[in-house]
1. Report, by residue number, each residue of the stretch 41-61 that is open to solvent by 10 Å² or more (accessible area, probe 1.4 Å) and among the polar types (S, T, N, Q).
2. In the set K38, K64, K102, which member is surrounded by fewer than 18 Cβ atoms within 10 Å (Cβ to Cβ) and part of a strand (DSSP E or B)?
3. Which pairs turn up if I take residues in the stretch 101-121 that are within 14 Å of V145 (Cα to Cα) and look for partners that are assigned to a loop (DSSP other than H, G, I, E, B) and among the hydrophobic types (A, V, I, L, M, F, W, C) with beta carbon separation below 7 Å, at least 6 apart in sequence or on another chain?
4. What residue, among those in the stretch 105-132 that are open to solvent by less than 30 Å² (accessible area, probe 1.4 Å) and of a type in the set (S, T, Y), is farthest from I72 (Cα to Cα)?
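The values are calculated or read from the model by the stated rules, or taken from the named source; none is laboratory data. What you are looking at is a predicted structure, and each value in this text was computed from that prediction instead of being measured. Please note: Cβ atoms are built from the backbone with ideal geometry, for glycine as well, and neighbour counts cover all protein chains shown. These area figures cover heavy atoms from the full protein model, side chains too; ligands, DNA and RNA do not enter into them. Shrake-Rupley method; radii C 1.70, N 1.55, O 1.52, S 1.80 Å.
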Amino acid sequence: MALGIISFLALCIFYIQVPQGQTGCAEVDSMTEAVAGKGFLLGCISCKRREEVPGSAIVDWHFKAAGTEEFIHIFQYEYNNPTILHENFEGRLEWQGTMGTKDVQTGAIFIHNVTYNDTGTYLCTFHRTLYLPLYEEHLVINKEVELTVVEEANPELTAVISEIMMYVLIVVLQLWMIGVLIYCYRKIYAENEAREARKAACSQNKLVGSKDPCDGIYLE
């Protein structure tokens with residue numbers, strides 16, 4: 001029962017968050033807080049409006065350090081060819097996006113060994129081409145991630161709320177199961193009491209020679 005309810009809730013959330021016509025892709029915002037010395041996933045998702053239309057995409061990442069005004073080109077992904085373009089990120093960036101197809105919709109990259117110098121604005125750009133029957137359509141989609149680097153991880157509000165809701169759901173389900181067990185026990189007990197009473201009445205009628213039927217009750 002618990003698994004069924006959880007599955008139903010997950011299905012409802014899925015249909016709420018995923019726009020119509022994008023059942024295979026959901027645009028989720030990236031996390032924005034990294035821990036110094038740890039790894040961090042910079043998320044970037046751009047879903048096509050029509051999944052049936054073939055397409056291809058090149059993904060670029062730019063970075064603007066805190067306190068500066070200009071973006072620098074740090075990374076590019078073109079089908080099976082990830083390239084780190086800036087020395088400050090050399091050996092620290094890893095492609096974590098769509099693999100095995102030119103039709104890229106997830107452009108995430110992973111930063112190894114995050115430093116405080118990685119604090120700033122990251123710009124993810126999709127250069128997408130849609131191959132329509134009569135022509136090609138070219139689109140440019142930009143997404144920004146404001147990254148903050150901290151010494152220790154702070155629990156995300158959504159994670160805290162999710163954990164609280166999980167425990168509340170568990171408690172509610174347990175109380176519901178206890179209630180069902182009590183209800184079933186009382187119902188079975190009442191039926192047994194009624195049956196015993198009818199047996200007693202039937203036995204008494206037999207002793208006094210009454211011809212009243214015993215309603216299908218057979219004496220043991």
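1. Of everything in the stretch 41-61, just one residue is open to solvent by 10 Å² or more (accessible area, probe 1.4 Å) and among the polar types (S, T, N, Q), namely S56.
2. Only one candidate passes the filter, namely K64.
3. From the stretch 101-121, the pairs are G107/C44; A108/C44; T119/A66; G120/A66.
4. Applying the filter and picking the extreme gives T129.
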